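Reviewing the structure listed below.
The values are calculated or read from the model by the stated rules, or taken from the named source; none is laboratory data. Source: prediction; values computed, not measured. All Cβ positions, even for glycine, are placed from backbone atoms using ideal geometry, and neighbour counts span all protein chains on display.
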Amino acid sequence: MSIADTPTNRAIPEPLPDSFCGVQPGGGVCYRIELAWGRWRRWYLKRFRQGYVRRMAQLRSGDCDGAPHEILDPRDLKYCRNQCRCDWAPTDDPFAWRERLPFARWGLAELQLMGWPMAALTVVAACTPMWYLAVVPGVLLGLIVYFFRDPPRRVPQDPGLIVSPADGKIAEIVELEHDELVGGPAVRIGIFLSIFNVHLNRAPSESRVIALQYRPGEFLNALNPESAIRNENTRIVLEEEAPPHRRIVVRQISGAIARRIVCGLRPGELVARGAKFGMIKLGSRTELILPKTDGLKIEVEVGRKVKAGSTVMGRWGG
């Protein structure tokens, strides 16, 4: 892949490819249910809450072109924000409170669609003479809630740091002679995420998004080295804001259980170090590819447990 440079040596962001059809390009049952709910919800708002729709239209900024459906309020952006340029200020977003919940916002649909049935089964079973049958749905409910948790993270602010894009364990650190996206020698750090890890992804440094790629594929176990090549994945090319504007790549790779990759980034968008930008649902692998320069110092080793946004993976010298 070639990335054109401007006269100031800043990359020109590439347009979103057609394969990147929304923030969850791989689809899924819960995804389709939520899209269907969105269609009903927009019909209801236009028919019964016309004043609210007009007020949201006045507060909206940017362009809705490219969106696959009408954008009436911020909820309509959840699965298509990377396909258009419109937005609302946080103070004008009636759903901003959801960001303060201790659960991943991209997983709220799955949390309810899977969690409420498990809760109902637990209660019903607990009220019968065979109360011990409540253990199975109760444990499953606990696992579902635990998986979609979103704990706060303290992001280190020292200059020149690269933080982990994912929770998990370092599975490999490999030196590459050449990486086409970085544009030269690189170091690839692979992170394995079990179903017990937090699955939100965070930006490794303050960077601008210059390319996004989505590739359908298989769903091999994330511990299998072949999964990095053959599994469904997204590749996110970032360019650091600080000179010399190094390029960093983050790869979100699906696993045998995790089959839904979420990436809500827009081409050209500036993301802060440690900012949440997506997630991989139910176990997976994330890779961080850094340009190998004389000043790069890797701060982790194989087998170490890391946390997204807070564990320092490396630092630039000088």
>> So for the range 137-148 (the condition being within 25 Å of G278 (Cα to Cα), touching a helix residue (DSSP H, G or I) at 6+ places or on another chain (Cβ under 9 Å) and not in a helix (DSSP H, G or I)), does at least one residue qualify?
In response: yes
>> Of the residues V209, V250, only one is β-branched (V, I, T), under 17 Å from E172 (Cα atoms) and either at pLDDT below 90 or not in a loop (DSSP other than H, G, I, E, B) (or both); which?
In response: V250
>> For the range 267-295, give me each residue that is surrounded by fewer than 17 Cβ atoms within 10 Å (Cβ to Cβ) and aliphatic (A, V, I, L, M).
In response: L270, A272, A275
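Quick one: how many residues across the range 67-92 are over 16 Å from L45 (Cα atoms), in a loop (DSSP other than H, G, I, E, B) and without any contact (Cβ under 8 Å) to a residue 40 or more places away in the chain?
Counting residues in the range 67-92 that are over 16 Å from L45 (Cα atoms), in a loop (DSSP other than H, G, I, E, B) and without any contact (Cβ under 8 Å) to a residue 40 or more places away in the chain gives 5.
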> Which residue pairs have Cβ atoms closer than 7 Å, lie 6 or more positions apart in sequence or on different chains, and pair a first residue in the range 96-116 that is closer than 16 Å to L77 by Cβ with a second residue that is outside any helix (DSSP H, G or I)?
Replying inline: W106/V262; W106/M279
>> I'd like to verify a number: residues in the range 128-182 that are surrounded by fewer than 17 Cβ atoms within 10 Å (Cβ to Cβ), touching a Gly at 6+ places or on another chain (Cβ under 6 Å) and outside the structural domain of V306 (by TED's automatic domain parsing), how many?
In response: 1
> Can you tell me which residue in the range 276-305 is farthest from the chain's Cα centre (by Cα), limited to those that are of a type in the set (D, E, K, R) and assigned to a strand (DSSP E or B)?
Replying inline: K297
> How many of the residues making up the range 76-102 are surrounded by fewer than 18 Cβ atoms within 10 Å (Cβ to Cβ) and farther than 21 Å from L16 by Cα?
Replying inline: 13
> Which one of G217, G190 is surrounded by fewer than 22 Cβ atoms within 10 Å (Cβ to Cβ) and small (G, A, S)?
Replying inline: G217
>> Name the residue that is modelled with the lowest pLDDT, counting only residues in the range 255-266 that are touching a helix residue (DSSP H, G or I) at 6+ places or on another chain (Cβ under 9 Å) and closer than 13 Å to L200 by Cα.
In response: R260
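Would it be correct to say that S164 is at pLDDT below 95, of a type in the set (G, A, S) and at negative phi?
no
Per-residue answers, yes or no, for (1) closer than 23 Å to K281 by Cβ; (2) touching a helix residue (DSSP H, G or I) at 6+ places or on another chain (Cβ under 6 Å); (3) outside the structural domain of I280 (by TED's automatic domain parsing):
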{"residue": "Q24", "(1), (2), (3)": "yes, yes, yes"}
{"residue": "E34", "(1), (2), (3)": "yes, yes, yes"}
{"residue": "W43", "(1), (2), (3)": "no, no, yes"}
{"residue": "P74", "(1), (2), (3)": "yes, no, yes"}
{"residue": "K78", "(1), (2), (3)": "yes, no, yes"}
{"residue": "P94", "(1), (2), (3)": "no, no, yes"}
> For the range 161-182, what are the residues that are over 16 Å from L200 (Cβ atoms) and within 23 Å of the chain's Cα centre (by Cα)?
Replying inline: L161, I162, K169, I170, A171, E172, I173, D179, E180, L181, V182
